[in-house]
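Report on the structure given below.
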Amino acid sequence: MRKPDSKERYQSSKKISFADPQLLGLLCGSQNAHLKILEERVGISIHVRGNDLTLHGGDWEIELAEKALTQLYDLLKNDYPVYSNDVDYAVRILSSNQAANLKDIFLDRVYIASSKKVITPKSINQKHYIDSIRRFDIVFAIGPAGTGKTYLAMAMAIAQLMKKEVNRLVLARPAVEAGERLGFLPGDLYEKVNPYLRPLYDALHDMMDFVDASRLIQRGTIEVAPLAFMRGRTLNDSFVILDEAQNATSDQMKMFLTRLGFSSKAVITGDVTQTDLPEGKISGLVEARRVLEGIKGIQFVYFSRDDVIRHPLVQEIIDAYEKNGGKKTI
């Protein structure tokens, strides 16, 4: 259904009934918090009476809210815990594609973290991303911060490691700011490069018990290393992630991609608007997109601000910087 302009909208109302009062309570949220989010995001009003919700607003808005409510209710019937963020994600997804099925996205369980938190895609592009990782040996994920590029890749990698589909997980990042000056930094090698790898450790420990992750790192089953340390290696039976790939040089990107061995998978993530390379240096991610796109077996997935899965203000910040003419985003 096409979204009408302001002149075409008019006030209507529609009543929706839900059979299970307990599930309806979960759908509405504590003190109707979920309904308030829906009212604000869609631009309607919702009144609750018994097992009925009455929607007041424009026809397009009512149809969108009805789809969101009925599909979120269906998720609850399938034992999916609906949180406030899920309501926001549902509105985003259905606003861009009212034919979308939230079950196909939210019930695609990538991994269950040690905290029992279920990691699932939260947008159509995120669903496309994890499907691409399953199907292709090399996947590039390009888009702004907060779109889940690294987090979902990490979840897919850990899931495959736990299911013994790969024998090793390798996480790499360029240490751009250190460059060739690592030797001048204080401390041993670990202390020199650790600040550049901290975000990867944070994501890893968010998904795995700290003791288990530490044990796997000590065994070498999980390796977190600067990109430069990949040179000269061949990685078989491995899931390899290159994060912040916009900061890899052309030579480094070629080196990384040619490390891939048999029964291995590589995911390369980055934001081409946030390169920290010195002026005049070509980003390996930008070049790879130009050179490799269209090669069978390599998939490129693109994210936008609509895929940002962080505090709602992050989207506003990204928009503000872009409107200001700045090259970089948050």
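Restricting attention to the stretch 85-112, the residues being open to solvent by less than 50 Å² (accessible area, probe 1.4 Å), assigned to a helix (DSSP H, G or I) and of a type in the set (Ser, Thr, Tyr) number 1.
For the stretch 113-140, a residue qualifies if it is over 23 Å from Asp88 (Cα atoms), of a type outside the set (Phe, Trp, Tyr) and open to solvent by less than 20 Å² (accessible area, probe 1.4 Å), and the qualifying residues are Ser132, Ile133, Val139.
Charged (D, E, K, R) and surrounded by fewer than 14 Cβ atoms within 10 Å (Cβ to Cβ) - does that describe any residue in the stretch 47-55? Within the stretch 47-55, one or more residues are charged (D, E, K, R) and surrounded by fewer than 14 Cβ atoms within 10 Å (Cβ to Cβ). For the stretch 63-84, taking the residues that are under 18 Å from Leu24 (Cβ atoms) and more than 24 Å from the chain's Cα centre (by Cα), the one that is most open to solvent (accessible area, probe 1.4 Å) is identified as Lys77.
Entry remark, the stretch 15-27: residues being surrounded by fewer than 20 Cβ atoms within 10 Å (Cβ to Cβ) and within 18 Å of Tyr89 (Cβ to Cβ) number 1 in total. When Ala288 is tested against the conditions (1) in a helix (DSSP H, G or I); (2) open to solvent by 30 Å² or more (accessible area, probe 1.4 Å), the lone failure is (2).
Pairs linking a residue in the stretch 234-254 that is closer than 14 Å to Ser283 by Cβ to a residue that is open to solvent by 40 Å² or more (accessible area, probe 1.4 Å) and part of a helix (DSSP H, G or I), with Cβ atoms under 6 Å and 6 or more positions apart or on different chains, are Ser250/Glu287.
Restricting attention to the stretch 233-242, the residues that are open to solvent by less than 10 Å² (accessible area, probe 1.4 Å) and at pLDDT 95 or above total 5.
Considering only residues in the stretch 80-131 that are touching a Gly at 6+ places or on another chain (Cβ under 9 Å) and among the small types (Gly, Ala, Ser), the one that is farthest from Phe303 (Cα to Cα) turns out to be Ser84. On inspection, Lys117 fails the criterion of being farther than 30 Å from Phe210 by Cβ and basic (Lys, Arg). How about the stretch 160-197: which of its residues are part of a helix (DSSP H, G or I), open to solvent by 10 Å² or more (accessible area, probe 1.4 Å) and modelled with pLDDT of 65 or more? Across the stretch 160-197, the qualifying residues are Gln160, Leu161, Met162, Asn194, Pro195, Tyr196. With respect to the stated conditions, Ile268 is touching a strand residue (DSSP E or B) at 6+ places or on another chain (Cβ under 7 Å), more than 30 Å from Ser84 (Cβ to Cβ) and crowded, with 18+ Cβ neighbours inside 10 Å.
The values are calculated or read from the model by the stated rules, or taken from the named source; none is laboratory data. As the structure is a prediction and not an experimental result, all values here were calculated from the model. Every residue, glycine as well, gets a Cβ built from its backbone with ideal geometry; the counts of neighbours run over all protein chains shown. We work out accessible area using only protein heavy atoms, side chains counted, and drop any ligands, DNA or RNA first. Shrake-Rupley method; radii C 1.70, N 1.55, O 1.52, S 1.80 Å.
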